[in-house]
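To keep things clear, I will list the structure first and then write my remarks on it.
Every read-out reported here was derived from the displayed coordinates using simple, explicitly stated rules and does not represent laboratory data. Because the structure is a prediction, the values reported are computed rather than measured. Backbone-built Cβ (ideal geometry, glycine too); neighbour counts: all protein chains shown.
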Amino acid sequence: MTDHASPHPVRIATVTVARSDFGIYLPVLRKIAASDWAQPLVVAGAAHLSNRHGHTADWIVSEGFSIDAEVPITDQTDNAVGVAIGCAEAIQGFAKAFDQLKPDAIMLLGDRFEMHAAAVAAVPFGIPIIHLHGGEITQGAIDESYRHSITKLSHVHFASTRAYADRIIQMGEDPRRVFVSGAPGLDHLADFAPWSIDQLATKLDLSLDQRPLSITFHPETLCDRDSLTQVRYLIDAISDLDVPMVISQPNADPGNQAILEQWTEFTNARPNRVRLVANLGTQGYFSLLHHAASMVGNSSSGIIEAASFSLPVVNIGERQQGRIHAENVVDVGFDSEAIKAAITKVSSPQFRSGLQTLQNPYGDGTASDHIVGTLRKLMQRPLSVRKPFFDLPATPHRPSSHPITKVA
């Protein structure tokens, strides 16, 4: 790795596997591209390369970034076997990409199994891993395990809140490598000018005579109900609503196909009221949040971005359980009547008026400045991949040692 004053820039390979993570990365990538010390490389894989998921690799290119390596994996990740096979394929693909590109560092985000595969592939190369959005909790999703595992494989951590940074340190990570940056997805709001309601209606080809519902529902992968049963509770709750609805396709988690089929059927039966979209892009999606009456589902966007729009959110099930959220979020279980009642509650003028002074716990929209500025300082010299385990000091509730139970 070179000093940033060198004519050879630090090459940071950003791994992106879906529309959701690329939108969050984008402010960071732009800052890296505009710097005089670093060069962004983009490694795109998984859902980005899938026609079924909108082939969002085209979005990456439209934002002015070249794709330096592609990592296709099986599109059949709708069950546990498919995910496991996809992990194996992804490790192979990322290993070949890292061998070809020889980056100075790798940037990963969040908790998807494809991201975990990239982290595993990077370890034998001794490439430092930069991890965004670690330390968070989502008790209803298998992503929980992947996220914490990526943390232990990573070398620099940018957490979205102080509580999450503390949790990363609790897992034994060196506090000198753990930073509170806020959520980079909020940085888009700095110069965001929403489409008008008429522009949004034209883009969607949908009459927006009322504020629409924004709906995003992903499989809750650790739930004792299958994804078909999960989404049916939501569909039963909204079937009689006579309002415009914009539904985002589910992600590529196991069980996504059953949800997609249900939404397709629901949309086809209501062509004048509902649109099912694969990808609106950041501008389109944030414009939707700006004009929406409320958000319904179980997306992290309802927890992280929605607060910046003072947007009411009905958060269903336990997929996001454990994540910090502001007062705009109402949590409900898998119960159609409870979901319907929550939608009614958050749609009231009283509820919305109470959100006017809402503070977003995920930062002020300057995360990319913090991330890129910190990396510039850290990467003036080669970043060591040696990781001493950081032990927390003993407390009355956590003694320095515990009795060992001997096996008889």
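Given the Cα-Cα distance of Asp198 and Gln39 and 0.36 nm per residue of separation, how much length would full extension add, in nm?
Details: separation 159, 0.36 × 159 = 57.24 nm, distance 3.90 nm.
Additional length available on full extension: 53.3 nm.
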- prompt: If you take the charge dipole of the chain about its Cα centre, with +1 on Lys and Arg Cβ and -1 on Asp and Glu Cβ, which of His325, Met295, Ala237 is farthest toward its positive end?
  reply: His325
message: Which order do the peptides 366-376, 100-110 come out in when sorted by mean C-beta neighbours inside 10 angstrom, highest first?
response: 100-110, 366-376
- line: Pseudo-spin-label distance Thr366 to Asn79, built 7 Å along Cα→Cβ, given in nm, is 5.1 nm
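Expressed as a rounded percentage, what relative contact order does region 190-353 have, with Cα pairs under 8 Å and six or more residues apart? If you can, show how the numbers build up before the last one.
Numbers: 270 pairs, mean separation 40.7, N = 164.
Relative contact order of region 190-353: 25 percent.
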query: Long-range amide H contacts for Leu41: which residues qualify at under 5 Å (H placed 1.01 Å from N, peptide plane, sequence gap of 5 or more or a different chain)?
result: Ile12, Ala13, Thr14
Protection proxy ranking of 81-89, 38-46 - average other beta-carbon atoms within 10 Å, highest first: 38-46, 81-89
message: Tell me the mean residue ellipticity at 222 nm calculated for the chain from its helices only (DSSP H runs of n ≥ 4, each -39500 (n - 2.57), averaged over every residue, nearest 500).
response: -11000 deg cm²/dmol
Additional length obtainable on full extension of the chain from Phe389 to Val61, 0.36 nm per residue less Cα span: 114.1 nm
- line: For Lys31, counting only lysines whose alpha-carbon sits under 19 Å away and dropping same-chain residues fewer than eight positions off, the answer is Lys377
query: Put a dot 7 Å past each Cα toward the Cβ at Gln356 and Leu276; how far apart are the dots in nm?
result: 4.0 nm
field: Cut-off under 5 Å, modelled amide H: who pairs with Ile142 long-range
entry: Thr221, Leu222
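When you count, for each residue, the other Cβ atoms within 10 Å and take the mean per peptide, how do 335-343, 302-310 rank with the highest first?
Details: 335-343: 17.8, 302-310: 24.1.
So the order, starting with the most tightly packed, is 302-310, 335-343.
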query: From the Cα gyration tensor of region 312-372, with a ≥ b ≥ c the square roots of its eigenvalues, which class applies: rounded if a/c is under 1.5, or else prolate if a/b is larger than b/c, or else oblate?
result: oblate
- request: Quick one: check the C-alpha center-to-center distance for region 187-225 versus region 351-376, whole angstrom.
  value: 20 Å
- prompt: Remind me, relative contact order of the chain in percent, using alpha carbon pairs under 8 angstrom and six or more residues apart?
  reply: 17 percent
